[in-house]
Amino acid sequence: PTAFRLTSPGMPDNSMMQPKMAGNFAKNPNCTGQNVSPALQWSNAPEKTRSFALIWDDQAGRAGLGVSHAVIYGIPANVTSFAEGELAAAPIGGRFVPGKNMLGMHWLGPCSPKGNAPQHYVMTLIATTLEANALAPGLTKPELLKALEGGKALRAASLALRFAP
């Protein structure tokens with residue numbers, strides 16, 4: 001079978017994100033970007049997929065304790081891409097359900113401290129058996145993962161992008 005794949009057009013796995021993709025959050029001096037989400041596309045989802053969930057993490061953030069940057073789910077099975085900037089915007093037309101990252105929002109771009117080596121930001125797209133409207137808005141990453149237990153997660157695809165201020 002062909003592999004389930006997650007890609008970003010023009011940014012191969014392990015490539016550097018553009019400065020405009022940095023987060024924008026007034027309470028963090030490292031978040032001075034435009035908070036533009038990268039374009040994403042995926043292919044070869046498992047046959048029984050009814051929806052997708054997307055989690056975006058910086059495992060080296062908070063001195064190695066990790067930072068959850070995005071929690072998005074309820075992406076209908078017929079959706080196979082997002083345009084640049086679309087995921088950071090408010091959900092429009094039922095293309096996804098917003099969850100809550102560690103700051104209580106669904107999306108925040110990279111906020112690496114100045115002087116850091118490039119950090120890896122890993123996006124994980126999970127194919128699920130859940131209907132797109134099965135989960136209420138506002139779930140955190142642990143709540144989403146708990147909701148996907150018991151065979152509701154079919155397969156995952158990941159993409160690592162790097163960022164340095």
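Simple spin-label estimate for Ser158 and Gln59 gives 0.5 nm between the two label positions (7 Å along the Cα-to-Cβ direction from each Cα). Between Asn14 and Ser43, the FRET efficiency from the beta-carbon distance, with R0 = 25 Å, is close to 0.85. Expressed as a whole percent, the accessible area of the chain that falls on carbon and sulfur atoms is 54 (1.4 Å probe).
Using Cα centres only, tell me the gap between region 72-86 and region 1-34 in whole Å. Answer, in whole Å: 15.
Scanning the chain for trypsin sites (Lys or Arg not before Pro) in DSSP loops with at most 14 other Cβ atoms within 10 Å, what's the longest stretch left with none?
For trypsin sites (Lys or Arg not before Pro) (loop position, at most 14 other Cβ atoms within 10 Å), the longest site-free span of the chain is 49-113.
Just to be sure I understand: with springs between alpha-carbon atoms less than 10 Å apart, which residue in Ile75, Ile126, Ile92 has the highest mean-square fluctuation in the Gaussian network model of the chain? Result for the chain, Cα springs under 10 Å: Ile92 fluctuates most.
State in Å² the accessible area per residue of the chain; use a 1.4 Å probe, count heavy atoms of protein chains only, and round to the nearest integer. Before the final figure, lay out the partial values.
Values: 8180 Å² over 165 residues.
With all protein chains present, the chain gives 50 Å² per residue.
Full extension of the chain between Leu103 and Glu131 yields a length gain of 7.4 nm, computed as 0.36 nm times the residue separation minus the alpha carbon distance. Within the listed set Ala70, Ala132, Ala53, the residue fluctuating most in the Gaussian network model of the chain (springs between alpha-carbon atoms under 10 angstrom) is Ala132. Could you name the lysines whose alpha carbon sits less than 25 Å from that of Lys48, not counting residues in the same chain fewer than 8 places away? Excluding near neighbours in sequence, the set is Lys141, Lys146, Lys152.
The values are calculated or read from the model by the stated rules, or taken from the named source; none is laboratory data. All values reported here derive from a predicted model rather than from experimental measurement. So basically every Cβ, Gly included, is an ideal-geometry build from the backbone, and we count neighbours across all protein chains shown. Please note that ligands, DNA and RNA were not included when accessible areas were found on the heavy atoms of the full protein model with its side chains. Shrake-Rupley method; radii C 1.70, N 1.55, O 1.52, S 1.80 Å.
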